[in-house]
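Structure, as structure tokens:
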Amino acid sequence: MASDETPGRSKPTVSVVVPTYQESTNIPILFDRIKYALKAEPWELIVVDDDSPDGTSSVAFALAAEDRRIRCLRRVNRTGLAGAVIEGWMSSSADFVAVIDGDLQHDESILPKMYEALAKGSGNLAIGTRLRDGDLGGSLSPARQALSDMGAWFFRRIAGAPVADPMSGFFMIRREIVSRLAPRLSPDGFKILVDVILSAGGGLKIVEVPYVFRKRNSGESKLTPLVGMDFLGLVVHHASGGLLPIRFVLFASIGAVGLLVHIVALSAVLHWFRMLGFEAGQLIATILAMASNFILNNEITYRPYRYSGPSLVAGFVAFALGCSVGVLANINVASWLYTADETWWVAGLAGALLSVVWNYAVSTNLIWRRRHR
């Protein structure tokens, strides 16, 4: 390939997309490292920033003013890693597009190997596969290794794709493929590689390039407890043929947790505080389940649009008021069923299920609606 000594070629061969939030310190370092890694190829770095309060976009714009091989898309009132990656891909005219995290944990030096594999036709998707903890000094923690292994095992059985690290966030693919898949990709979630592979329906020729996963030095880390939920949502979404949105799957999963909280709380009241009666127990259980649902949905289902700080209290109040009709229906229906056959858990479960359905409708159309529409 021709050398790219002069910044700003009109059409790069490779576009490297980096979705960012709070990565102002890391972006200049990453840019310098990619300069070195891809010095033999016409390339560009596309920073897609979710309006970071630490000025990540300003840092990227300043770099772009001096070197046209970097450009920045600042997203206002739009958040989420997958959505940022998709927007970056769609803004590229390169033959190949890649995604890399801005936290410097991915080894950018394997980008030429990824490119070579795709350019020579060895595959049309090259995945940066993280080495196991301890292999050549790899830094994948035991918890993240266990999550990665479990996700890989489950993914291979669902997708039928022999991918060692489907949870990877570092890969390169032909742009024509993502352009075709883009309408089917979800802008929600963290693990877009899973979405790409499942959306392609087995039509990808995959190669994997191993690398040592680095330790994070600065910036805001991705929340690993959310990865499993995101993975589950993607799998169920595709298993349903796209009928069930990822956010609905997450909400339903959290609803199941709320049901457990409800039944445990109701059982505790009826066994230890019998003098309160069933209706009081049902009310207490409903409030506790509602609180757990709000907190978990705020942190997981609607995380990009979540309430925080003082607004968290206001959000819960709005959630409680919006769900008040469901609470009344919950208590009335459950009390009627309990009076009819005195099977407390059947009555409690029926009332709780009614609340879950109502809470989803209210949450989607009222509580978080104004925060993401």
Out of everything in the stretch 320-330 that is surrounded by fewer than 17 Cβ atoms within 10 Å (Cβ to Cβ) and not β-branched (V, I, T), what residue ends up being farthest from L353 (Cα to Cα)? L321
If you go through the stretch 232-276, how many residues are part of a helix (DSSP H, G or I), over 16 Å from the mean Cα position of the chain (by Cα) and aliphatic (A, V, I, L, M)? 16
Could you grab me the full set of residues in the stretch 68-101 that are part of a loop (DSSP other than H, G, I, E, B) and in contact with a strand residue (DSSP E or B) (Cβ under 9 Å, 6 or more places away or on another chain)? R68, R69, R75, G80, S91, S92, S93, A94, D95, I100, D101
Those residues of the stretch 168-191 which are of a type outside the set (D, E) and modelled with pLDDT under 80 amount to G189, F190, K191
Which of the numbered conditions does F31 fail, given that it passes all the others? Conditions: (1) surrounded by fewer than 18 Cβ atoms within 10 Å (Cβ to Cβ); (2) aromatic (F, W, Y); (3) modelled with pLDDT of 95 or more. (1)
Given (1) more than 17 Å from H262 (Cα to Cα); (2) without any contact (Cβ under 8 Å) to a residue 24 or more places away in the chain; (3) loosely packed, with under 15 Cβ neighbours inside 10 Å, identify the lone condition not met by N298. (3)
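Matching residues to (1) in contact with a strand residue (DSSP E or B) (Cβ under 8 Å, 6 or more places away or on another chain); (2) surrounded by 15 or more Cβ atoms within 10 Å (Cβ to Cβ); (3) within 27 Å of L270 (Cα to Cα); (4) not basic (K, R):
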residue	(1), (2), (3), (4)
Y307	no, yes, no, yes
A318	no, yes, no, yes
N332	no, no, yes, yes
Y338	no, yes, yes, yes
W344	no, yes, yes, yes
L353	no, yes, yes, yes
Looking at E279, E299 in this structure, which one is of a type in the set (D, E), within 30 Å of P166 (Cα to Cα) and either within 25 Å of the chain's Cα centre (by Cα) or not assigned by TED's automatic domain parsing to the domain that holds K191 (or both)? E299
Any chance the stretch 229-236 includes a residue that's surrounded by fewer than 18 Cβ atoms within 10 Å (Cβ to Cβ), assigned by TED's automatic domain parsing to the domain that holds W358 and either closer than 26 Å to A350 by Cα or at pLDDT 80 or above (or both)? no
Residue count, the stretch 180-204, condition under 16 Å from the mean Cα position of the chain (by Cα) and assigned to a loop (DSSP other than H, G, I, E, B), comes to 7
Can you find even one residue in the stretch 47-54 that is over 19 Å from the mean Cα position of the chain (by Cα) and at pLDDT below 95? yes
Contact list please: Cβ distance under 9 Å, first residue in the stretch 77-103 and farther than 15 Å from P187 by Cα, second residue surrounded by fewer than 18 Cβ atoms within 10 Å (Cβ to Cβ) and among the hydroxyl-bearing types (S, T, Y), pairs at least six apart or on different chains. S93/S10; D103/S218; D103/S221
For the list (1) of a type in the set (S, T, N, Q); (2) at pLDDT 65 or above; (3) surrounded by fewer than 14 Cβ atoms within 10 Å (Cβ to Cβ), I need the number of the one condition that S221 fails. (2)
In the stretch 342-352, what residues are in a helix (DSSP H, G or I) and at pLDDT 75 or above? W344, W345, V346, A347, G348, L349, A350, G351
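The values are calculated or read from the model by the stated rules, or taken from the named source; none is laboratory data. These numbers come from a predicted model, not from an experiment. Reconstructed Cβ throughout: ideal geometry from the backbone, glycine too, with neighbour counts over all protein chains shown.
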